[in-house]
Amino acid sequence: MAPWFESARFYHIYPLGLCGCPRENSFESAEAQLARGAEEHGIPLPPAPFERLREWAEHAAGLGFTAIYIGPLFQSATHGYDTIDYRVVDSRLGTNDDFRAWVAHCHELGIKVVVDGVFNHTGRDFFAFRDLREKRWDSWAKDWYRGVNFDWPGQMGDGFGYEGWRGVDILPALNLQNQQVRDYLLDVAQFWLEDFGIDGIRLDSADVMDFEFLRQLVGRMKGLRSDFWLMGEVIMGNYERWLNDAHLDSVTNYELSKAIWSAHNSHNYFEMGHNVLRLFGPWGACQGAHLYTFCDNQDVERIASKLADPRDLVPVTVFLFTILGIPSVYYGSEFGIQGRKGRGALADEPLRPALDLATLDVPHPEICPLIRALSTLRDAHPEFSWGRYQEISLQTETYAFARVLDAGHPENASGRDVACITALSNADGERELWLDLPVGAESARVAAGSGEAALREGKLWVRLAPHSGCVVELA
């Protein structure tokens with residue numbers, strides 16, 4: 001039986017933003033900090049964070065999502081990535097008990113929970129760095145961080161220098177080649193699995209993470225639970241390095257993410273089609289892999305802000321849910337909300353807004369029903385999780401491909417080859433397509449999206465409205 005994550009649909013939540021938490025942690029109760037956060041953001045006092053997160057988990061389940069990636073969650077001082085305590089839930093959100101109950105509720109909804117593993121760096125108030133600041137030469141932690149130099153005064157008034165994560169001094173970079181550090185983080189990961197019952201970890205900045213640490217992490221977590229999901233954040237590069245050498249289950253497909261909005265804006269589906277072939281084609285580097293596929297997240301601008309024509313949200317969503325990979329939607333993007341990066345220290349805040357389901361303005365109400373229909377379709381058709389990709393037609397303004405599951409595949413119970421066809425258009429006018437059939441079929445119907453389809457003269461005829469997309473079910 002295939003592991004759960006190969007057929008998962010992820011909903012991505014940045015909780016400090018969604019819940020309207022204050023920018024800086026005062027380490028008071030969540031209730032007290034929530035009131036301060038509401039004042040900072042100029043919003044009404046929202047419900048307790050994990051009460052709000054229960055509503056959003058139920059919303060995600062209602063749209064057909066089967067997993068939530070939530071994070072960062074560790075106790076931190078500001079944006080969540082300057083960790084102070086790896087074993088405590090950020091007090092702006094609530095307590096460990098609150099999170100434990102939330103995970104249980106998600107599981108009752110049929111939703112898996114994956115958290116952020118911020119293991120490359122800590123905050124300056126993390127216990128190891130505090131000891132280093134206090135004792136310097138005599139600190140047991142002097143080998144826990146990279147580039148510690150007692151012959152250089154540093155830039156933070158510590159009397160010594162050290163390597164900041166990507167040059168950011170408030171994020172001291174951990175030395176993941178130190179086995180003591182590795183062991184500590186391995187114990188942290190095990191703690192989150194055993195104490196909270198999480199189902200996986202997304203590894204922050206895995207593309208620059210020590211490979212030996214990754215191998216040890218995979219060994220520890222898979223030894224505890226064979227279907228525990230480990231996904232690495234990899235921006236660009238040869239994704240197979242992490243899938244083969246470190247044996248992660250998945251990595252972020254940033255390469256395809258960029259191609260999605262760029263191809264629609266330039267009316268050039270060749271950018272998307274060639275990218276898919278480069279990764280998954282006959283000579284592709286990631287054949288058989290289930291990459292984490294997305295359009296936006298907490299670090300990049302919202303897809304609705306990147307698209308030149310907002311109507312393209314429909315073909316983009318259809319593509320996301322039917323192409324090879326594990327689809328993921330960032331909270332709020334199912335409504336088509338805007339979000340562009342700002343400037344300075346708060347540049348990412350517009351990407352991480354506080355949202356209330358009850359009062360939320362919905363710019364594009366057509367996207368949620370589309371996601372629900374696509375989720376239902378994926379449940380009914382294992383082709384979308386395990387079927388091979390077959391390009392049928394690729395033009396600048398139209399693109400059609402099939403997901404084909406051969407009769408002998410273990411996830412195919414039908415005893416015959418089965419397939420669904422995705423047809424997309426970024427054109428300003430109506431388009432008609434005549435497509436070769438990937439498998440034998442006696443009927444065709446549009447099962448999700450908008451369009452018309454019929455079998456004619458041994459081919460599949462599809463009519464698409466401007467800037468639209470549909471999925472055709474063959475039988």
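The values are calculated or read from the model by the stated rules, or taken from the named source; none is laboratory data. Everything numeric in this text was worked out from a predicted model, so none of it was measured. Glycine gets a Cβ as well: all are built from the backbone with ideal geometry, and neighbour counts include every protein chain shown.
Against the definition (in the same structural domain as I68 (by TED's automatic domain parsing), in contact with a helix residue (DSSP H, G or I) (Cβ under 6 Å, 6 or more places away or on another chain) and either at positive phi or β-branched (V, I, T) (or both)), how does V318 come out, yes or no? Answer is no for this residue.
Considering the conditions (1) within 30 Å of N238 (Cα to Cα); (2) surrounded by fewer than 17 Cβ atoms within 10 Å (Cβ to Cβ), A189 is excluded by exactly one of them, (2). Pairs linking a residue in the range 225-236 that is farther than 11 Å from L248 by Cβ to a residue that is surrounded by fewer than 15 Cβ atoms within 10 Å (Cβ to Cβ) and of a type in the set (F, W, Y), with Cβ atoms under 7 Å and 6 or more positions apart or on different chains, are D227/W4. When S76, S91 are checked against the criterion of being touching a Phe, Trp or Tyr at 6+ places or on another chain (Cβ under 6 Å) and not aliphatic (A, V, I, L, M), a single residue qualifies: S91. Taking the stated definitions as given, is R54 assigned to a helix (DSSP H, G or I), touching a His at 6+ places or on another chain (Cβ under 7 Å) and at pLDDT 95 or above? When the stated conditions are applied, R54 passes them. Just so you know, in the range 105-123 the residues that are hydrophobic (A, V, I, L, M, F, W, C) and touching a helix residue (DSSP H, G or I) at 6+ places or on another chain (Cβ under 9 Å) include one that is surrounded by the most Cβ atoms within 10 Å (Cβ to Cβ), and it is F119. In the range 267-358, counting only helices (runs of 4 or more DSSP H) that sit wholly within it, the ones holding 1 or more residues that are surrounded by 23 or more Cβ atoms within 10 Å (Cβ to Cβ) and touching a Lys or Arg at 6+ places or on another chain (Cβ under 8 Å) span 313-322.
Do we find that S328 is assigned by TED's automatic domain parsing to the domain that holds E40, at pLDDT 95 or above and out of contact with any strand residue (DSSP E or B) (no Cβ under 8 Å at 6 or more places or on another chain) in this structure? So S328 fails the test. Test each condition in (1) without any contact (Cβ under 8 Å) to a residue 24 or more places away in the chain; (2) surrounded by 13 or more Cβ atoms within 10 Å (Cβ to Cβ) for F384 and report the one that comes out false. Here F384 meets the rest and fails (1). Looking at G159, is it in contact with a Phe, Trp or Tyr (Cβ under 6 Å, 6 or more places away or on another chain), at pLDDT below 95 and not charged (D, E, K, R)? So G159 fails the test. For first residues located in the range 196-212 and at positive phi, partners that are surrounded by fewer than 17 Cβ atoms within 10 Å (Cβ to Cβ) and lie 6+ apart or on another chain with Cβ distances below 8 Å form the pairs G197/R100; G197/A104; G197/H107.
One line per residue, one yes/no per condition, for (1) within 17 Å of G71 (Cβ to Cβ); (2) in contact with a Leu (Cβ under 7 Å, 6 or more places away or on another chain); (3) of a type in the set (F, W, Y); (4) outside the structural domain of L291 (by TED's automatic domain parsing):
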position	(1), (2), (3), (4)
I170	no, no, no, yes
D187	no, no, no, no
E194	no, no, no, no
I198	yes, no, no, no
R202	yes, no, no, no
D227	no, no, no, no
M236	no, no, no, no
W242	no, yes, yes, no
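Given the condition assigned to a helix (DSSP H, G or I), among the charged types (D, E, K, R), surrounded by 14 or more Cβ atoms within 10 Å (Cβ to Cβ) and more than 15 Å from the chain's Cα centre (by Cα), answer yes or no: does some residue in the range 2-24 qualify? No: zero hits. For the residues D227, D183, D207, the requirement of being farther than 20 Å from G80 by Cα and either at pLDDT below 95 or assigned to a helix (DSSP H, G or I) (or both) singles out D183. Screening T66, T83 for residues that are hydroxyl-bearing (S, T, Y), surrounded by 23 or more Cβ atoms within 10 Å (Cβ to Cβ) and in contact with a Ser or Thr (Cβ under 9 Å, 6 or more places away or on another chain) leaves exactly one candidate, T83. If you go through the range 159-180 and keep only what is assigned to a loop (DSSP other than H, G, I, E, B) and surrounded by fewer than 17 Cβ atoms within 10 Å (Cβ to Cβ), you end up with G159, R166, G167, Q177. Name every residue in the range 109-142 that is closer than 28 Å to M221 by Cβ and part of a loop (DSSP other than H, G, I, E, B), in order of residue number. If the condition is that a residue be closer than 28 Å to M221 by Cβ and part of a loop (DSSP other than H, G, I, E, B), then L109, G110, I111, V118, F119, N120, T122, G123, D125, F126, W140, A141 are the ones that fit.
All conditions in (1) touching a residue at least 24 places away in the same chain (Cβ under 8 Å); (2) buried (at least 23 other Cβ atoms within 10 Å of the Cβ) hold for V89, with the sole exception of (1).
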